[in-house]
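Read through the structure below, which is laid out as structure tokens, and then see the notes.
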Amino acid sequence: MTVPIPPSPSNRPGVSTAGAAMTVPTASNRPAGSPATQSIRWPDPDELAARAHVVTLPLRVRFRGVAEREVLLLDGPAGWAEFSPFLEYDDAEASAWLRCAVEAGWDGFPAPIRSSVPVNATVPAVSAVDVERVLASFDAAHTVKIKVAERGQTLRDDVARVAEVRRLLPDAALRIDANAGWTHDEALAALEAIGPLGLQYAEQPVAGIHGLRELREEVRRRGWDIPIAADESVRKESDPLAVARADAADLIVIKAPPLGGIRRALRIVAEAGLPAVVSSALDSSVGTRAGAALAAALPELPYACGLGTVSLFEADVCRNRYEARGGQLDLRPVAPDPDLLERHRAGPERRDWWLARLRRCGELLMKDA
């Protein structure tokens with residue numbers, strides 16, 4: 001059984017990927033114009049478990065309603081990889097994240113076409129008085145993504161947060177992310193209130209492809225210069241290209257794990273024909289490095305990437321944390337420190353939970369093949 005993917009250099013130079021293992025068949029995930037394919041080695045469940053490390057990492061501020069992030073890392077033959085779908089995701093959705101991790105850990109990253117990628121700062125849905133403290137953890141914040149539409153908060157809270165970022169960084173590009181938290185009317189009211197502060201774009205203001213298209217049409221009718229970006233409508237749809245065919249967005253936000261890997265994400269961008277922003281999903285340094293590999297391989301990269309979330313962690317698995325320098329992420333190798341893996345090791349109950357999830361998702365991928 002085989003998984004067709006284009007050949008690529010290892011993300012751990014000098015380490016062979018040879019060895020006996022099963023492989024999984026899928027449709028080709030080559031981006032258009034990529035070279036001939038080769039097969040991903042699919043490790044059996046015992047190998048996955050033997051290479052797994054489960055850690056719990058504290059956050060500096062609450063993000064997506066959590067104060068810590070559980071992460072499963074895989075010490076693959078081609079390099080370290082991360083499997084950390086959010087806890088509420090079912091196995092069907094989480095299995096795409098495992099496909100991405102196996103691609104990174106067993107086959108490596110595609111060849112880059114740039115040596116670094118620009119990165120935005122991220123401000124969670126904190127109060128306005130906490131914005132400066134959050135921004136202080138980011139280096140050279142030339143672009144800032146600001147979370148809005150948080151449950152339990154008001155539009156006034158959102159406006160105050162964005163206004164404070166604008167006050168502190170008058171020349172920065174600002175973008176907001178509502179995570180589909182507004183209705184159509186709420187989104188229009190929010191964009192009318194926040195738009196005058198200057199927005200690069202608004203990410204997933206409302207739910208669904210139909211909702212995005214209706215909102216985008218109304219924004220254009222009113223003459224507001226606020227591009228609409230699709231995130232959940234790409235990564236959570238059974239057909240990630242549907243948003244482009246529906247003309248529902250001006251750009252798309254892509255993450256390698258929910259799309260099943262870097263090469264699948266590259267293909268989706270090529271077929272969508274829309275500008276793309278690469279983002280992460282609150283990943284550790286290991287997972288963020290995979291996001292940088294995706295950004296580095298894109299033919300065009302018109303926007304700063306949402307790959308600065310390592311700065312939101314109080315602790316990480318790498319001593320030399322994978323954070324931006326001068327507003328850019330380089331493409332240096334990333335590997336956890338053994339002492340930090342031990343220090344942040346999850347308890348037996350949580351480790352067992354993650355290993356069981358790992359096995360179930362691996363079995364799903366084998367069954368789908």
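The values are calculated or read from the model by the stated rules, or taken from the named source; none is laboratory data. In this text, all values refer to a predicted model and were calculated from it rather than measured experimentally. Heads up, the Cβs are rebuilt from the backbone with ideal geometry, glycines too, and the neighbour counts pull from every protein chain shown. What goes into the accessible areas is simple: the full protein's heavy atoms, side chains included, and nothing from ligands, DNA or RNA. Shrake-Rupley method; radii C 1.70, N 1.55, O 1.52, S 1.80 Å.
Taking Cβ atoms as reference points and 13 Å as the exclusive limit, the residues near E70 contribute a net charge of 0, counting Lys and Arg as +1 and Asp and Glu as -1.
Computed as a quarter of the hull surface, the mean projected area of the alpha carbon convex hull for segment 47-142 stands at 8.3 nm². Average accessible surface for the chain: 41 Å² per residue, computed with a 1.4 Å probe over protein heavy atoms with every protein chain in place. Rounded, prolate or oblate: which one fits segment 118-209, using the alpha carbon gyration tensor with axes a ≥ b ≥ c (rounded when a/c is under 1.5, else prolate when a/b beats b/c, else oblate)? Here segment 118-209 falls in the prolate category.
Taking max minus min of the alpha-carbon positions on each principal axis, segment 190-233 gives extents of 26, 19, 14 Å, largest first.
On the chain, 50 percent of the accessible area sits on carbon and sulfur atoms, based on a 1.4 Å probe.
Here's the picture: charge each Lys and Arg Cβ at +1 and each Asp and Glu Cβ at -1 in segment 72-174, and of G79, L98, A149 the one pushed furthest to the positive end of that dipole is A149.
Take 322-329, 102-109 and order them by the average number of nearby Cβ atoms within 10 Å per residue, most first; the result is 102-109, 322-329.
Can you order the peptides 259-266, 352-359 by their average number of other Cβ atoms within 10 Å per residue, highest first?
Put in order of decreasing packing, that is 259-266, 352-359.
Across the chain, C-alpha contacts under 8 Å between residues 6 or more apart give a mean separation that, scaled by the residue count, equals a relative contact order of 22 percent. Using Cα atoms only, what is the angle between the long axis of helix 348-368 and the major principal axis of the chain, expressed in degrees (0 to 90) to the nearest 10? So the helix axis and the longest Cα principal axis differ by about 80 degrees.
Panel note: the C-alpha atoms of the chain, placed on their principal axes, show extents of 59, 44, 37 Å (largest first).
Proximity of backbone amide H atoms, modeled 1.01 Å from N, is registered between V278 and I254, G306 at under 5 Å, excluding neighbours fewer than 5 places apart on the same chain.
Note on E192 and E271: with the Förster distance fixed at 45 Å, the Cβ-Cβ geometry gives a FRET efficiency of about 0.85. Over the chain, DSSP H runs of length four or greater, each weighted -39,500 (n - 2.57), average out per residue to a 222 nm ellipticity of -9500 deg cm²/dmol. Dipole orientation for the chain: of the candidates G308, V61, G195, G308 has the Cα lying most toward the positive pole (charges on Cβ; Lys, Arg +1; Asp, Glu -1). For segment 205-323, the pair-distance distribution built from all alpha carbon pairs, in bins 5 Å wide starting at 0, is 2, 12, 21, 20, 17, 13, 8, 4, 2, 0, 0 percent.
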